[in-house]
Amino acid sequence: MPRRLEGRSAGSALLAAPVLWVGVFFLALLLAMPHAGPVFHWAFPAVEPPVYDRASFLALFLSQAGIVAAASLAASVTGIGLAIFVTRPAGRDFRALVEALATVGQTFPPAAVLALAVPAFGFGARPTIAALYLYGLLPIIGNTVAGLEAVPAAVRDAAAGMGMSARQVLWRIELPLAAPVILAGVRVSVTIGIGTATIGSTVGALTLGTPIFDGLAVDKMPLVLQGAVLVALFAIVTDMAFARLEAWLRPPGAAR
Amino acid sequence: MIELDRVSKSYGGRAVVAELSLRVAAGSFCVLLGPSGCGKSTTLRMINRLVPHDAGAIRINGEDVTALPADALRRRIGYAIQSSGLFPHWRVEDNIATVPRLLGWSRQRMQDRVTELLELFRLDPETYRSKYPHELSGGEQQRVGVARALAADPDLLLMDEPFGAVDPITRDALQGELARIHKATGKTILFVTHDIEEALRLATDIAILDRGRLAQFAAPLELLEQPASDFVRDFVGTQGIGLKLLSVRKVAERVRRGETAEGEPVPLDATLSEALSLMTRRHAVALPVADAAGAVIGAITLADLVR
């Protein structure tokens, strides 16, 4: 197999990357938040306790990360798989159907999906994962189909004409060339998922949204603030990490 | 030898190729020529089964093309197309070694073959082997595309308008190189084009297609002198026919051995049109003629060109 450009992920380049510093900042904030009581007490003297204390922020983050990862992984596997299937000769007829279903999945408000999922899955993380999964399919299917179709016809023709099997054309030519576009779809899906997962707290999933909803319920602004800042940073760090992965995955000769 | 025996192909009831029979001798340079939509590309693509034929038989060296699995068949046939179709994420060396890798050659053998082919196309191996396609000019991409088609040393090379997308000067150089490589390797080449000048320059045989049917199959000179139908006459073009005739005849046919003339000699295997061009530029009515070794063996005059 052709080799990747050497020296791309050198340690020095990683140290200079903003994603590393924003990530460190996020982690520090996650761990420091319980000790920020005096600050919040000073800003909001009437609120007691000044910092969310029913679970550690680290535990909330890890739980939310697990939920998003499970949903995104499942959505990526199904989404990429379906997109490959509908761009093959055998699956071409199903393309309109699959794209329509994915669009329906996206137009459903996540809160509605959650409400519908609770009777099926009960309370907790599982209905949240189901909602995020449905919600995250569309960008992945859409981008994978677009990425595969952007492979120039001449390249595909040459690959087949050289004697590559359909499987070899897919794995050696189409997927590597489409990888950055596919990854961009996963990136959108995951970033939306992080934001949307917070709503899962309303059906009992533990996420950084839990302090937000608890705070809203009892009118304690500091709790809302703590949850919101951490969720936003979580999404930003993840998005930056994906941007880096995309640049690294981009085939050297692909369109920029 | 390639043999097409009453081969037909239709799409949605419309015949694209109809009862086409053709015999291409081993080692010949056969050009499939015709206007767009005449079925020439389809014909080419039926030979390596990128397009399945509906009826008739296609045989290579007596063996039916359907006897092998399609992938195995294609690995034995070189294939070069317009705009090169190079894999943009692979280096030049990986592109050229596509078929050898599919065939499981050793790393050393692939490397040696890449070096050999880059040298054949006068691309410095050390500079070019690790470049990516987007770092090459159009002409270089096309050379690598043809090198890739030759990589596993196939006896047969299929080329679908390989020089269709490059500028005229580069195309001229590429045609010259292809002619040289055909002469040096003795491969059988099937070449699709709609450009009559390109066909006259390269072909040993030309098959003119008209709406999926064979209009004429002949050597370039015969095509010009004895067109089989009005279609062929029109396609070859009545304008400039004299110049086209000069372009398919060689100086060797008209040389006056033993005589001599002033100036730089013209080689024996130059075309008469090249000789005429030289005479015009030098304001001379005669040129000395040299053999392959460069020794002057005779002369050619303006009158000889029109004899």
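Any read-out appearing in this document is the output of simple, stated calculations on the displayed coordinates, not a laboratory observation. Worth saying up front: this structure is predicted, and the values here are computed from it rather than measured. With ideal geometry, Cβ positions are generated from the backbone for all residues, glycine too; neighbour counts draw on all protein chains shown.
Evaluate the charge dipole of the range B:163-276 about its Cα centre and quote only its size in Debye, nearest 20, assuming +1 on the Cβ of each Lys and Arg and -1 on the Cβ of each Asp and Glu. Kindly include the intermediate steps, with their values, before the conclusion.
Working: 14 positive and 18 negative charges, 68 e Å.
It comes to approximately 320 debye.
Using alpha-carbon pairs under 8 Å, 6+ residues apart, how would you state the relative contact order of chain B in percent?
Numbers: 572 pairs, mean separation 57.7, N = 307.
Averaging sequence separation for qualifying contacts and normalising by length gives 19 percent for chain B.
Taking a ≥ b ≥ c as the square roots of the eigenvalues of the alpha-carbon gyration tensor, chain B is classed oblate because a/c is 1.5 or more while a/b is no larger than b/c. Over the residues of chain A, the helix contribution to mean residue ellipticity at 222 nm works out to -23000 deg cm²/dmol, using -39500 (n - 2.57) for each DSSP H run of at least 4. Seen against the Cα atoms of chain B and their longest principal axis, helix B:272-282 is set at about 50 degrees.
Return a whole-number percent for the relative contact order of the range B:113-226, with Cα pairs under 8 Å and 6 or more residues apart as the contact set.
19
Reducing the range B:98-177 and the range A:150-213 to their Cα centroids gives an inter-centroid distance of 34 Å. Partners of residue B:9 within straight-line reach, counting lysines whose Cα lies under 29 Å from its Cα and excluding those fewer than 8 residues away in the same chain: B:40, B:187.
Would you please classify the overall shape of the range B:249-305 from the alpha carbon gyration tensor, given that a ≥ b ≥ c denote the square roots of the eigenvalues, rounded means a/c under 1.5, and beyond that prolate means a/b larger than b/c while oblate covers the rest? Since a/c stays below 1.5, the shape of the range B:249-305 is classed as rounded. Highest-first packing order for the peptide set B:256-263, A:79-86, A:22-29 is A:79-86, A:22-29, B:256-263, based on the mean count of other beta carbon atoms within 10 Å. Helix A:18-32 sits at what angle to the longest principal axis of chain A, using alpha carbons and giving 0 to 90 degrees rounded to 10? Its long axis makes an angle of about 30 degrees. Residues B:205, B:94 in ascending order of nearby Cβ atoms (within 10 Å, fewest first): B:205, B:94.
Based on DSSP, what percent of beta bridges with both residues in the protein assembly as shown are antiparallel, to the nearest 5? The partial results should precede the final answer.
Numbers: 27 of 48 bridges.
For the protein assembly as shown, the DSSP antiparallel bridge percentage is about 55.
Taking a ≥ b ≥ c as the square roots of the eigenvalues of the Cα gyration tensor, an a/c ratio of 1.5 or more together with a/b larger than b/c marks the range A:65-249 as prolate.
Name the most mobile residue of A:112, A:184, A:131, meaning the one with the largest mean-square fluctuation, in a Gaussian network model of chain A with Cα contacts below 10 Å. Maximum fluctuation in the GNM of chain A, among the listed residues, is at A:112.
As a proxy for reagent exposure, B:183, B:9 were ordered by neighbouring Cβ count within 10 angstrom, fewest first; the result is B:183, B:9. Derived scalar couplings between HN and Hα for the range A:206-219 equal 8, 9, 5, x, 4, x, 4, 6, 4, x, 5, 5, 10, 6 Hz in order, rounded to whole Hz, by the Karplus curve 6.51 cos²θ - 1.76 cosθ + 1.60 (θ = phi - 60°), x for Gly and Pro. Quick one: work out Rg over Rh on the C-alpha atoms of the range A:178-256, Rh as Kirkwood radius. Over the Cα atoms of the range A:178-256, Rg/Rh equals 1.17. When the charge dipole of the protein assembly as shown is built from unit charges on Cβ atoms (+1 for Lys and Arg, -1 for Asp and Glu) and taken about the Cα centre, the candidate among A:114, A:230, B:251 whose Cα reaches farthest toward its positive end is A:114.
Compactness ratio of the protein assembly as shown: Cα Rg over 2.2 N^0.38 Å, N = residue count? Walk me through the numbers on the way to the answer.
Details: Rg = 33.7 Å, N = 563, 2.2 N^0.38 = 24.4 Å.
Relative to the 2.2 N^0.38 Å estimate, the protein assembly as shown comes out at 1.38.
Relative contact order of the range B:191-280, taken over Cα pairs closer than 8 Å and 6 or more residues apart, is 21 percent. Compute the acute angle (0 to 90°) between the alpha-carbon long axis of helix A:175-197 and the principal axis of greatest extent of the alpha-carbon atoms of chain A; round to the nearest 10°. Its long axis makes an angle of about 20 degrees.
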